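The values are calculated or read from the model by the stated rules, or taken from the named source; none is laboratory data. Model, not experiment: these values are computed from the prediction. Cβ placement follows ideal geometry from the backbone for every residue including glycine, while neighbour counts extend to all protein chains displayed.
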Amino acid sequence: MIRNFFVLCSGADRALLDTCSEGEQNKYAGIGATVFFTALMAFIAASYALYTVFDSVYLAIPFGLVWGLLIFNLDRFIVSTIRKRDSFWKEMLQASPRILLAVIIAVVISKPLELKIFEKEINQVLLEEKNQMTLDNQQQLALQFTPTIEQKKAEIAGLKQEISLKEAATDTLYETYISEAEGRKGTLLIGKGPVYAEKREKHDASLAELKALKEANTGRISEIEAEIETLELGYTEAVSTSQPVIDGFDGLMARIDALGKLPWFPSFFIFLLFLAIETAPILVKLMTPKGPYDYKLEDEETTVASWVAQKVDQRKKLLETDRALNEKVYGEIAEEEAVFAYKKQKAEELMRLQAERFQEMQVKGM
């Protein structure tokens with residue numbers, strides 16, 4: 001039963017193959033098994049590739065099945081239509097379109113399985129790329145927020161510096177009137193005289209200005225700090241919003257690109273393996289010697305071709321003979337006087353009837 005199934009996969013004529021030996025039947029069962037397992041590998045590879053695209057088993061399996069059936073039908077058709085010839089190169093020329101297609105299919109099939117085989121290495125490459133993308137993303141977003149934040153911080157520093165300068169000036173005035181009172185500077189007179197009162201007044205005025213400045217600048221600093229906090233929250237939110245896009249950077253194209261950054265030899269070896277699998281049905285058919293089945297198939301095909309050619313030739317001969325006979329018969333009839341007189345009489349009668357009919361119509365119209 002299994003052999004019959006594989007023979008069916010080979011596309012061989014079951015009735016004709018049954019008349020051949022067991023060895024010949026086993027040979028075509030082997031060719032059919034190669035066709036079947038090639039299609040099976042195509043189904044698995046296509047299903048995984050589509051699963052990486054759609055991330056759904058329910059979509060990947062039906063499409064993968066269609067792809068596997070397409071490859072199966074194509075291989076079965078090509079294998080069944082390749083005819084054993086006296087020259088290997090003629091057979092190779094006949095199979096060359098399928099071999100070229102096998103190279104393309106091998107690339108399509110091998111890539112998804114390479115992605116699965118080297119999944120851990122690809123994940124490591126993708127992790128490094130994601131980390132770098134995260135840093136680059138943070139730097140790019142920082143370019144949008146950092147200049148404004150630094151400007152705000154510089155403004156705060158300026159306001160604080162303004163307070164510090166005013167405090168220093170007020171402290172200097174304080175030291176001045178205290179020194180005047182103690183007699184260490186100024187008039188060098190101990191006590192609170194007019195000069196002391198003048199300097200104390202300047203200090204009190206400066207102290208009042210310092211208090212007002214502190215109140216104004218402190219309020220402004222609080223506003224700026226709130227603005228900075230808003231900007232920092234906006235930066236954090238922008239990073240959080242864009243991070244899922246980076247985390248999702250593991251699609252089919254990203255994985256193929258990551259695979260290209262790994263050493264090429266293992267991938268090339270797997271490609272050669274699948275190329276061998278894809279071309280196996282054709283190569284097996286090309287390498288098998290011409291056997292009894294091929295001779296019997298050639299005999300049937302040439303028999304039909306000869307019979308059709310014979311029928312066509314007979315029809316041509318019959319047509320030529322019939323044409324020659326017709327020309328001869330009608331030629332002899334044209335030379336007979338009796339036939340000429342009879343046709344002349346009938347023509348005269350016809351012309352007489354036409355003239356009478358025309359006269360009747362003219363009379364009715366008067």
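For the stretch 28-57, residues that are of a type outside the set (S, T, Y) and not in a helix (DSSP H, G or I) total 1.
Scanning the stretch 129-139 for residues that are closer than 18 Å to G248 by Cβ and loosely packed, with under 12 Cβ neighbours inside 10 Å gives N131, Q132, L135, D136.
Considering L115, L159, the condition of being closer than 21 Å to Y48 by Cα, surrounded by 15 or more Cβ atoms within 10 Å (Cβ to Cβ) and out of contact with any strand residue (DSSP E or B) (no Cβ under 9 Å at 6 or more places or on another chain) is satisfied by L115 alone. If the condition is being buried (at least 16 other Cβ atoms within 10 Å of the Cβ) and either farther than 19 Å from G64 by Cα or modelled with pLDDT of 80 or more (or both), then the stretch 96-112 contributes R98, I99.
Say whether the condition of being among the aliphatic types (A, V, I, L, M), surrounded by fewer than 18 Cβ atoms within 10 Å (Cβ to Cβ) and within 20 Å of M253 (Cα to Cα) is met by at least one residue in the stretch 5-15. Within the stretch 5-15, none of the residues are among the aliphatic types (A, V, I, L, M), surrounded by fewer than 18 Cβ atoms within 10 Å (Cβ to Cβ) and within 20 Å of M253 (Cα to Cα).
Can you find a residue that is over 15 Å from R76 (Cα atoms), hydrophobic (A, V, I, L, M, F, W, C), in a helix (DSSP H, G or I) and in the same structural domain as I109 (by TED's automatic domain parsing) anywhere in the stretch 16-27? Yes; the residues of the stretch 16-27 include at least one that is over 15 Å from R76 (Cα atoms), hydrophobic (A, V, I, L, M, F, W, C), in a helix (DSSP H, G or I) and in the same structural domain as I109 (by TED's automatic domain parsing).
Counting residues in the stretch 331-341 that are at pLDDT 70 or above and either in a helix (DSSP H, G or I) or exposed (fewer than 11 other Cβ atoms within 10 Å of the Cβ) (or both) gives one or more.
Residues checked against (1) in contact with a Ser or Thr (Cβ under 6 Å, 6 or more places away or on another chain); (2) under 25 Å from Q140 (Cβ atoms):
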site	(1), (2)
K214	no, no
T218	no, no
A226	no, no
T230	no, yes
G234	no, yes
V245	no, yes
L262	no, no
F274	yes, no
P281	yes, no
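To keep it simple, each residue is scored yes or no on (1) farther than 24 Å from G260 by Cβ; (2) surrounded by 19 or more Cβ atoms within 10 Å (Cβ to Cβ).
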position: T38; (1), (2): yes, yes
position: A49; (1), (2): no, yes
position: D55; (1), (2): no, no
position: L65; (1), (2): yes, no
position: V79; (1), (2): yes, yes
position: W89; (1), (2): yes, no
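Look at the stretch 283-301: where a residue is exposed (fewer than 14 other Cβ atoms within 10 Å of the Cβ) and a partner is modelled with pLDDT under 70, sitting 6+ places away or on another chain with Cβ atoms under 7 Å, you get K290/K84. Of all residue pairs spaced 6 or more apart or on separate chains, those with beta-carbon atoms under 9 Å, a first member in the stretch 52-81 that is in the same structural domain as I105 (by TED's automatic domain parsing) and a second member that is of a type in the set (D, E) and in a helix (DSSP H, G or I) are I71/E278; D75/E278. Criterion first (out of contact with any strand residue (DSSP E or B) (no Cβ under 8 Å at 6 or more places or on another chain), charged (D, E, K, R) and not in a helix (DSSP H, G or I)) does D250 satisfy it? Yes.
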